[in-house]
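Heads up, the thing below is written out as structure tokens.
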């Protein structure tokens, strides 16, 4: 037994061969790891990081989708409010025109009387001074009505429009085309884009 033990201990060639084999195995393992580029631990970490990144990406996309929904909703609400505001402004304008139109129509009759008086004004003496005073009143009243949005229709020489004009007679007149307004008997007025009073006219047949 002692001789065998001594022989085993005294055989350095066998021990060197075994150590060389172990070194070769470790080198092969290291080379294999180097060829793959990552160790098993690193691969586990990389796999975990990939899962985390995918989860974060999915969460980010969900928040982005929600943000887009909020933005779309805000834009729709803003557009609806703008439309509501415009609609309210139009309705208020119409209410004002209707209310003002009822009162203004009374002043139009006064304006008609002043206009008729000026068409028959006297040309001399005290009558001329009186006519000048009437004309001043006429201009002031016309200016007030204009400031309220009242506009005189320009009807004479225009084609007859039943939405704007009211014909009181039709006449043969070779100087005018058929349906053309020959004379304005009573002025028509607009307030905004609404007819306050249609013009009374004579038209060519």
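Any read-out appearing in this document is the output of simple, stated calculations on the displayed coordinates, not a laboratory observation. Quick caveat, the model's predicted, so the values are computed rather than measured. All Cβ positions, glycine included, derive from the backbone under ideal geometry; neighbour counts span all protein chains shown.
Side notes on the structure shown:
- Taking the range 47-170 and dividing mean pair separation by its residue count, relative contact order in percent (alpha carbons under 8 Å, at least six apart): 14
- Listing 118, 56 from fewest to most neighbouring C-beta atoms within 10 Å gives 56, 118.
- Translational diffusion coefficient (Stokes-Einstein; Kirkwood radius from C-alpha pairs) of the range 149-204 at 10 °C, 1.306 mPa s, in µm²/s: 142
- Considering every alpha-carbon pair of the range 101-180, the percent of pairs per 10 Å bin, from zero through the bin containing the longest distance, is 14, 33, 31, 21, 1.
- Beta bridges per DSSP, both residues in the range 149-204: antiparallel share near 65 percent.
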